[in-house]
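Engineer: Take this structure first; my questions come after.
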Amino acid sequence: MVKVTFDFNVSAWIRNLEIEADSYEDAERILNSMSLDDLVSEGYVKDFQITDKDYDIEEDEDIFEEDEEEY
């Protein structure tokens with residue numbers, strides 16, 4: 001078993017995200033302060049792309065040692 005840790009960029013086309021505000025400027029300020037989790041849960045993700053992936057793989061040596069002892 002391995003544990004893989006990813007770092008990456010996400011570009012997403014999000015549709016129909018509705019924000020209630022006093023003005024367009026206020027709505028834009030709220031939009032810019034939202035987290036990615038907020039954006040995805042409030043709007044519809046039409047398309048997305050993951051780019052610039054970097055990763056680190058960590059093997060679980062304890063699992064391999066236990067498996068070897070069984071045989």
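Engineer: Scanning the stretch 23-66 for residues that are of a type in the set (Phe, Trp, Tyr) and either modelled with pLDDT of 95 or more or surrounded by 10 or more Cβ atoms within 10 Å (Cβ to Cβ) (or both), which turns out nearest to the chain's Cα centre (by Cα)?
Structural biologist: Ranking the qualifying residues of the stretch 23-66, first place goes to 48.
Engineer: Follow-up. Go through the stretch 1-34 residue by residue and tally those that are touching a helix residue (DSSP H, G or I) at 6+ places or on another chain (Cβ under 6 Å) and either assigned to a strand (DSSP E or B) or hydroxyl-bearing (Ser, Thr, Tyr) (or both).
Structural biologist: 1
Engineer: Restricting to the stretch 1-25, count the residues that are of a type in the set (S, T, N, Q) and under 16 Å from residue 45 (Cα atoms).
Structural biologist: Looking only at that region, the number is 3.
Engineer: Another question about this same structure. Residue under question is residue 41, and the condition is that it be in a helix (DSSP H, G or I), out of contact with any Pro (no Cβ under 9 Å at 6 or more places or on another chain) and of a type in the set (Ser, Thr, Tyr); does it hold?
Structural biologist: yes
The values are calculated or read from the model by the stated rules, or taken from the named source; none is laboratory data. Remember, it's a predicted structure, so these values are computed and weren't measured experimentally. Every residue, glycine as well, gets a Cβ built from its backbone with ideal geometry; the counts of neighbours run over all protein chains shown.
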